[in-house]
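**Student:** Before I ask anything, here is the structure I am working with.
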């Protein structure tokens, strides 16, 4: 740093101290720090600022004025487009395919029913989710029931209503067998498998392990049951799977296990369910490449999966009347890009290290996925000013409330609306009622009308489940006066 720059900086600093009382409230001491230029890294391109002024033709500013900020906005059109695209990609490559909508990904009623109208079944992992699907009108035989916790009460209901039961462990298997014997009712079931694909971490806590022989023991027990029938095999090999070869390995291993079961027991497998895990076009933290360069398209996933299953079926056609039904439990890839979160700047500040920071009215309480994604965040208009590395914080009084650790943005004005893209997966199910109220969620329909699909919380809704014992109704009853009342200074 030259002597002149230092002198100029010190002179400006002294003048700033002398004129502090005359400065605007937003003034802060200047700092010197480098402005980065060129590429982000050796793989990336120079960053640029995109904008998004509307959602399916409805202006963002109009949405904020009517429904407030922060605000989740769902595109019904994008939902339907995604559902049709993924079903077309698989059904054009394999003759028997059925999709189940993963409720845990986003179980807002409107979201679920859009997908059900497009032909997707419900895939649930709890009693709550099962009851939600039934309340929305989904018949039992179009519900896939996964998960490690199924009470006797819900199992009795599920057996009566004919849902697809995927057994997770031996205790569940024995309980279903007991209920089936009590009801003297035939119960078709599937078992969840876990195994090493060679590409993904083995989720050994779920299902029955193939390599240890536990999975075959479970199949043999079902085969010997008076009322249970093994009709399906299920596995879920991971989440955000970017290497499609993992699914090829999954299908090969499941079909080999199917051969063992069918040759050594009296079971005939009708379907295999390969779960979900298809990645969306979100950007994982730490990734060098943009998602478009390393995440397969839906069509690429479909080609790998369907070709692998067709190959397995071709080798077995002489012994089977029809091809296996292929079931997929798709969540993230179906909904992520169909929802955005609109947020607004509530404060700006300079951090001790000189970096610029902006505080938004939406944080980790609403955007749980910011723990592992670098969400694309854009303004609604072209901004002026020199772009700098900026930290975007949420409104929570918690140091971990960081929406983006670093993003290159020009200076942001108070109230500046920003759009956080691809937030449809897991944020409306894993959000927290913590410090702030959860906001409105709206859906933009294909005719550009807008509906509130979940109302914002307020004090009344938050207190509706609380119960206050009578002796606690007066907050300061009999409380000692520990400190004098603070009085305002005289004018």
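The values are calculated or read from the model by the stated rules, or taken from the named source; none is laboratory data. Because the structure is predicted, anything quoted here is derived from the model rather than measured. Backbone-built Cβ (ideal geometry, glycine too); neighbour counts: all protein chains shown.
**Student:** Condition first: within 24 Å of residue 78 (Cβ to Cβ), in contact with a helix residue (DSSP H, G or I) (Cβ under 8 Å, 6 or more places away or on another chain) and assigned by TED's automatic domain parsing to the domain that holds residue 222. Can you find one or more residues in region 289-297 that meet it?
**Tutor:** yes
**Student:** Continuing with the same structure: Six or more apart or on different chains, Cβ under 6 Å: which pairs go from a residue in region 78-105 that's farther than 11 Å from residue 329 by Cα to one that's surrounded by fewer than 23 Cβ atoms within 10 Å (Cβ to Cβ) and at pLDDT below 95? Could you list them?
**Tutor:** 95/323; 96/323
**Student:** From the residues in region 79-108 that are in a helix (DSSP H, G or I) and either at pLDDT below 95 or touching a strand residue (DSSP E or B) at 6+ places or on another chain (Cβ under 7 Å) (or both), which one is surrounded by the most Cβ atoms within 10 Å (Cβ to Cβ)?
**Tutor:** Once the filter is applied, the top-ranked residue is 103.
**Student:** Also, quick follow-up: Is it the case, given these coordinates, that residue 273 is under 21 Å from residue 115 (Cα atoms) and either modelled with pLDDT under 95 or buried (at least 23 other Cβ atoms within 10 Å of the Cβ) (or both)?
**Tutor:** yes
**Student:** Sticking with this structure for a sec: Tell me whether region 310-325 contains one or more residues that are within 20 Å of the chain's Cα centre (by Cα) and buried (at least 20 other Cβ atoms within 10 Å of the Cβ).
**Tutor:** No, there is no match, as no residue in region 310-325 is within 20 Å of the chain's Cα centre (by Cα) and buried (at least 20 other Cβ atoms within 10 Å of the Cβ).
**Student:** Check 396, 409 and return the single one that is modelled with pLDDT under 95, under 28 Å from the mean Cα position of the chain (by Cα) and more than 30 Å from residue 81 (Cα to Cα).
**Tutor:** Of the residues listed, the single one that is modelled with pLDDT under 95, under 28 Å from the mean Cα position of the chain (by Cα) and more than 30 Å from residue 81 (Cα to Cα) is 409.
**Student:** Could I ask something else about it? Sort through 329, 388 and tell me the only one that's touching a strand residue (DSSP E or B) at 6+ places or on another chain (Cβ under 7 Å) and within 18 Å of residue 103 (Cα to Cα). Step through it out loud before you land on a result.
**Tutor:** Values: 388 fails: within 18 Å of residue 103 (Cα to Cα).
Unique residue meeting the criteria: 329.
**Student:** Something else now. Give region 244-265 a look and list any residue that's crowded, with 17+ Cβ neighbours inside 10 Å and either closer than 28 Å to residue 298 by Cα or at pLDDT below 95 (or both), or say none.
**Tutor:** 244, 246, 247, 248, 249, 250, 251, 253, 254, 255, 257, 258
**Student:** Residue under question is residue 446, and the condition is that it be farther than 30 Å from residue 364 by Cβ, under 24 Å from the mean Cα position of the chain (by Cα), in a loop (DSSP other than H, G, I, E, B) and in the same structural domain as residue 394 (by TED's automatic domain parsing); does it hold?
**Tutor:** yes
**Student:** For region 413-430, give me the residue count where each residue is in a loop (DSSP other than H, G, I, E, B) and either buried (at least 22 other Cβ atoms within 10 Å of the Cβ) or out of contact with any strand residue (DSSP E or B) (no Cβ under 9 Å at 6 or more places or on another chain) (or both).
**Tutor:** The number of residues fulfilling the criteria is 5.
**Student:** Also, quick follow-up: Sort out for me the helices (runs of 4 or more DSSP H) sitting completely within region 194-311 that have 2 or more residues that are touching a residue at least 12 places away in the same chain (Cβ under 8 Å) and closer than 26 Å to residue 95 by Cβ. So that I can check it myself, show each step before the final result.
**Tutor:** Numbers: elements: 214-223, 245-264, 291-294.
Fully inside region 194-311 and qualifying: 245-264.
**Student:** Do we find a residue being under 30 Å from residue 243 (Cβ atoms), assigned to a loop (DSSP other than H, G, I, E, B), in contact (Cβ under 8 Å) with a residue 24 or more places away in the chain and within 13 Å of the chain's Cα centre (by Cα) anywhere in region 334-346?
**Tutor:** No, the conditions are met nowhere in region 334-346.
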